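Chemist: This structure is in structure tokens; I'll ask about it shortly.
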């Protein structure tokens, strides 16, 4: 039986655009109470104002998940207002393109701090409230390159591989509390995210596939209603990861720098 999302408290990171924004719209239409987190304050306010149920029903806070104080304030305010957190959607991420030999370590550190440590930060702050209620669902947006490394995306791959390892460990720890952990792996998604990729190499980088943010958002809402452990989105993602699993050496040759 599907879980009813009405009155569920849903925290969404990276909510100001792309997948996060589309997910917030869908959750609000289902009657959920959305806690919107992102760095772009004006876009959050605009989104909050157009969500179903009206702005008074939802909470929007400018939040940089790379900063401990921002994350702590967000979760404390959400709990103060709603008294619980039912679902956490870890969506916020940045990317970085370049050869390892050209890497700017500060830019690499920024990506790791947001994609991996930011996810760890907010999960750690949400977790005690879920454990107390012995219920909750943590939904994570990874990538097919969170399972298979590709050229020029070493830092992004490292952050997503790390996030997946963290979540697998977490799942084993919190299963006894009835807390669910899901990982969604889309291919490349058409969002502003791709326009903001930092580059430190003159490389011809092509996305592995092209999926709309609404498609991923619908999967997030579906997984919230019908929890699943792992979701590889689309035929391309399933085929890509299957081939990597059975013939990793061949995949090395397919994805290698020419």
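Chemist: To the nearest 10 degrees, how steep is helix 68-82 against the longest Cα principal axis of the chain, on a 0 to 90 scale?
Modeler: Around 40 degrees separate the two axes.
Chemist: Mind pulling up the Rg/Rh value for the chain? Radius of gyration and Kirkwood radius, both on Cα. Don't skip to the answer; put the middle values down first.
Modeler: Numbers: Rg = 17.9 Å, Rh = 18.6 Å.
Radius of gyration over Kirkwood radius for the chain works out to 0.96.
Chemist: Give the angle, between 0 and 90 degrees and rounded to the nearest 10, that separates the Cα long axis of helix 119-133 from the longest principal axis of the Cα atoms of the chain.
Modeler: Orientation of helix 119-133: about 40 degrees from the principal axis.
Chemist: Let me ask something else about it. Given contacts defined as C-alpha pairs under 8 Å and at least six residues apart, what's the relative contact order of the range 9-255, whole-number percent?
Modeler: Details: 451 pairs, mean separation 50.6, N = 247.
So the answer I get is 20 percent.
Chemist: Sticking with this structure for a sec: Taking 2.2 N^0.38 Å as the expected size of a compact globular protein, what ratio does the Cα radius of gyration of the range 1-126 give against it, to two decimals? Mind dumping the intermediate values first?
Modeler: Numbers: Rg = 15.3 Å, N = 126, 2.2 N^0.38 = 13.8 Å.
It is 1.11.
Chemist: Which angle between 0 and 90 degrees, to the nearest 10, do you get for helix 234-246 versus the longest principal axis of the chain when only C-alpha atoms count?
Modeler: The angle comes out near 60 degrees.
Chemist: May I ask you to order 141-147, 95-101, 161-167 by the average number of other C-beta atoms within 10 Å around their residues, highest value first? List each step's numbers first, then the result.
Modeler: On the way: 141-147: 24.1, 95-101: 16.6, 161-167: 18.4.
Taking the mean over residues of other Cβ atoms within 10 Å, the ranking is 141-147, 161-167, 95-101.
Chemist: Mind ranking 243-256, 54-67 by how tightly packed they are, going by the mean number of other C-beta atoms within 10 angstrom, highest first?
Modeler: Values: 243-256: 12.1, 54-67: 18.1.
Ranking the peptides 243-256, 54-67 by packing returns 54-67, 243-256.
A short reminder: the numbers here are calculations on the coordinates, not readings from a lab. Nothing here was measured: the structure is a model prediction, and the numbers come from that model. Cβ atoms come from the backbone with ideal geometry, glycine included; neighbour counts cover every protein chain shown.
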